[in-house]
Amino acid sequence: MNHRRAVRLAGAAIACATLLPLAGCASNDATAGNDSTASGGGAATGVLPGEPDVNGDGKVVIGVLSPGDINDNGYYQSFVDGADAFAKSKGWTVIKRGSVPVSEALSAARALCQQKVDMVALGASELKDAIPASEEAVCAKTAWYVPTSGNIQQTPRIMLSTDKADQSILTAGYAAGVMMKERGATKAAFVTGMEADFTLAAARAFKAGVRSVVPNATVTTTYAGDQNDAAKAKEAVQAQMDQGAQVVYPYLGGSTDAATALANTKKLITLTPGTDRCSSTSPKFDISVLFSPGDYFTEALKQFADGKLAMGVEKVWTIGKDPYPTVKFCDGNAERQKQVAAYMQDIASGKIDAAAEVKRLGG
């Protein structure tokens, strides 16, 4: 299970900006009127002609389909928030539909194309059954943005978007380690919900990052059993505090704020699970770890606006190379940020092999 799946399960942990509604928002029950299956004449791999006004009708319309609630204050909303904010700045229109059943993905995509969108963006890989529409006549003049968990076949008509969890969570641990070293701290805690592949991998990466700075650090993990249960999360954090934890990473969903608020009572170092919360004062975070799907989508839309978003390729967002993922200190400490920036650049250049570091130090 990859990083994107981790964020989806984190759900309401993603504290997004206020939704900026635009004209043209489709209802949640929009459906296609004609399920055309005729071939659309494949466009060559690369940038589509006329991008971003791919269909040449004098306006730019972005269509977003999400398998979840696009008003969830979490993963799914972060995706449409990014589109709305950027589109508004460009004078574009966004048509969005949330809570799309997997069984309706294909017809929903056709419905967007019938509304002459220039891009179809899937909010999560669960809607991969929509992708065949990209080859149909009804969608011949559209670009496609598709998040992937490694389970989607690349085609000439879609752009795949992914990241590597090792990189961002390893760097999160490194940043926590930098602050621990300053304070003479040696005990850190990773608190999450379910014990699953993605949480196990994240816990190892965080531990490796901390140990890369504080080799003798003790990094313990607690599985609260639920990403969103505030009572369970607080119980887990309290147990870690009782054992002397000086750092807590609440890698959670809807219970993130409750867990962090408790950690704040003892002034523990805290980190975010995906978004920029540096402006938050209640609860307070020391480090923002940014890997929100909305951030990636917004960066893709910037490329689209510049006529540089290529189809037929997989974009792997790389820490230290791309704007996201990234890690920043909320107090703006320049010296610390310089250290973390250098660490991210070393990952991007290959000087540091994130996967190898996790294997070496995360056991």
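Being within 30 Å of A121 (Cβ to Cβ), basic (K, R) and either in contact with a Gly (Cβ under 7 Å, 6 or more places away or on another chain) or in a helix (DSSP H, G or I) (or both) is the requirement here; does K234 meet it?
So K234 does not fit the description; no.
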Does G254 count as under 21 Å from the mean Cα position of the chain (by Cα), surrounded by fewer than 23 Cβ atoms within 10 Å (Cβ to Cβ) and either in a strand (DSSP E or B) or not basic (K, R) (or both)?
yes
If the requirement is being in contact with a Ser or Thr (Cβ under 6 Å, 6 or more places away or on another chain), surrounded by 15 or more Cβ atoms within 10 Å (Cβ to Cβ), at pLDDT 95 or above and closer than 18 Å to I269 by Cα, which of these qualifies: V340, V327?
V327
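One line per residue, one yes/no per condition, for (1) more than 20 Å from G209 (Cα to Cα); (2) out of contact with any Gly (no Cβ under 7 Å at 6 or more places or on another chain); (3) surrounded by 20 or more Cβ atoms within 10 Å (Cβ to Cβ); (4) not polar (S, T, N, Q):
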{"position": "G312", "(1), (2), (3), (4)": "yes, no, no, yes"}
{"position": "M344", "(1), (2), (3), (4)": "no, no, yes, yes"}
{"position": "G350", "(1), (2), (3), (4)": "no, yes, no, yes"}
{"position": "D353", "(1), (2), (3), (4)": "no, yes, no, yes"}
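Of the residues that sit in segment 115-126 and are surrounded by fewer than 23 Cβ atoms within 10 Å (Cβ to Cβ) and not charged (D, E, K, R), which one is farthest from G312 (Cα to Cα)? Break it down stepwise before answering.
Of segment 115-126, the ones surrounded by fewer than 23 Cβ atoms within 10 Å (Cβ to Cβ) are 115-116, 125-126.
Applying the additional criterion that residues be not charged (D, E, K, R) yields 115, 125.
Details: Q115: 23, S125: 16 Å.
Among them, the one singled out is Q115.
Rundown of residues vs (1) within 17 Å of the chain's Cα centre (by Cα); (2) closer than 22 Å to I319 by Cα; (3) open to solvent by 10 Å² or more (accessible area, probe 1.4 Å); (4) not polar (S, T, N, Q), yes/no style:
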residue: K164; (1), (2), (3), (4): yes, yes, yes, yes
residue: I169; (1), (2), (3), (4): yes, yes, no, yes
residue: A172; (1), (2), (3), (4): yes, yes, no, yes
residue: G177; (1), (2), (3), (4): no, yes, no, yes
residue: E182; (1), (2), (3), (4): no, no, yes, yes
residue: A188; (1), (2), (3), (4): no, no, no, yes
residue: V191; (1), (2), (3), (4): no, no, no, yes
residue: A201; (1), (2), (3), (4): yes, yes, yes, yes
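The values are calculated or read from the model by the stated rules, or taken from the named source; none is laboratory data. The shown structure was predicted, so the numbers you read here are calculated from the model rather than taken from an experiment. Note: ideal-geometry Cβ built from the backbone for every residue, glycine included; neighbour counts use all protein chains shown. Remember, those area values only see protein heavy atoms, side chains included, never the ligands or the DNA or RNA. Shrake-Rupley method; radii C 1.70, N 1.55, O 1.52, S 1.80 Å.
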